[in-house]
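What follows draws every value from the coordinates through simple rules; no lab data is involved. Nothing here was measured: the structure is a model prediction, and the numbers come from that model. Reconstructed Cβ throughout: ideal geometry from the backbone, glycine too, with neighbour counts over all protein chains shown.
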């Protein structure tokens with residue numbers, strides 16, 4: 001129980017410090033609150049390194065950031081898998097005597113027209129291979145997306161409960 005409280009306490013402090021770091025780095029771009037130095041490119045070379053925004057800020061928000069990156073990655077996986085399934089495989093066909101996407105115009109309709117799968121001569125069984133693996137990636141990406149979304153909600157609720165909920169014992173951060 002004490003470990004959880006310390007973790008929330010540390011998480012809260014890291015959140016505050018990360019936000020402070022981001023704000024401080026942004027303010028570096030506007031000496032004395034003026035924008036002209038930034039627009040005239042008269043800032044020091046270390047101001048533009050984004051050390052406070054990236055290093056001290058965003059990367060400090062690692063667990064929530066990791067979940068957001070996970071959402072982006074899983075979303076990318078789902079989108080590309082769906083496009084791969086819709087577009088079909090790249091294969092050599094005897095009809096065109098070339099390497100093409102023979103099912104590109106079918107909008108995924110080829111998935112249910114098994115008799116057309118033989119249009120792909122090389123690589124052998126490429127349609128089954130692609131359909132199986134893109135389907136697996138689509139399902140895995142969907143599950144990852146859901147889990148990352150739950151992790152984000154869990155982090156937000158956990159952070160809020162750590163700040164707002166009363167505890168039987170008082171733990172000073």
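Quick notes
- Gain on full stretching of the segment that runs from residue 42 to residue 146 - 0.36 nm per residue minus C-alpha separation: 32.9 nm
- Region 62-158 - Debye-derived log10 I(q)/I(0), Cα point model, q = 0.11 Å⁻¹: -0.43
- Mean separation of Cα contacts under 8 Å (6+ apart) over length of region 21-105, as relative contact order %: 20 percent
- Multiplying the residue separation of residue 122 and residue 13 by 0.36 nm and removing their Cα-Cα distance gives an extension gain of 33.4 nm.
- Residue 114-residue 136 FRET efficiency (beta carbon distance; Förster radius 30 Å; 0.05 resolution): 0.95
- Stretch gain in nm, segment residue 35-residue 83, where the contour uses 0.36 nm per residue and the Cα spacing is subtracted: 12.9 nm
- Each of residue 129 and residue 51 was given a label point 7 Å from its Cα along the Cα-to-Cβ line. The distance between the two points is 5.0 nm.
- Overall size of region 8-77 from C-alpha positions, given as principal axis extents largest first: 41, 34, 17 Å.
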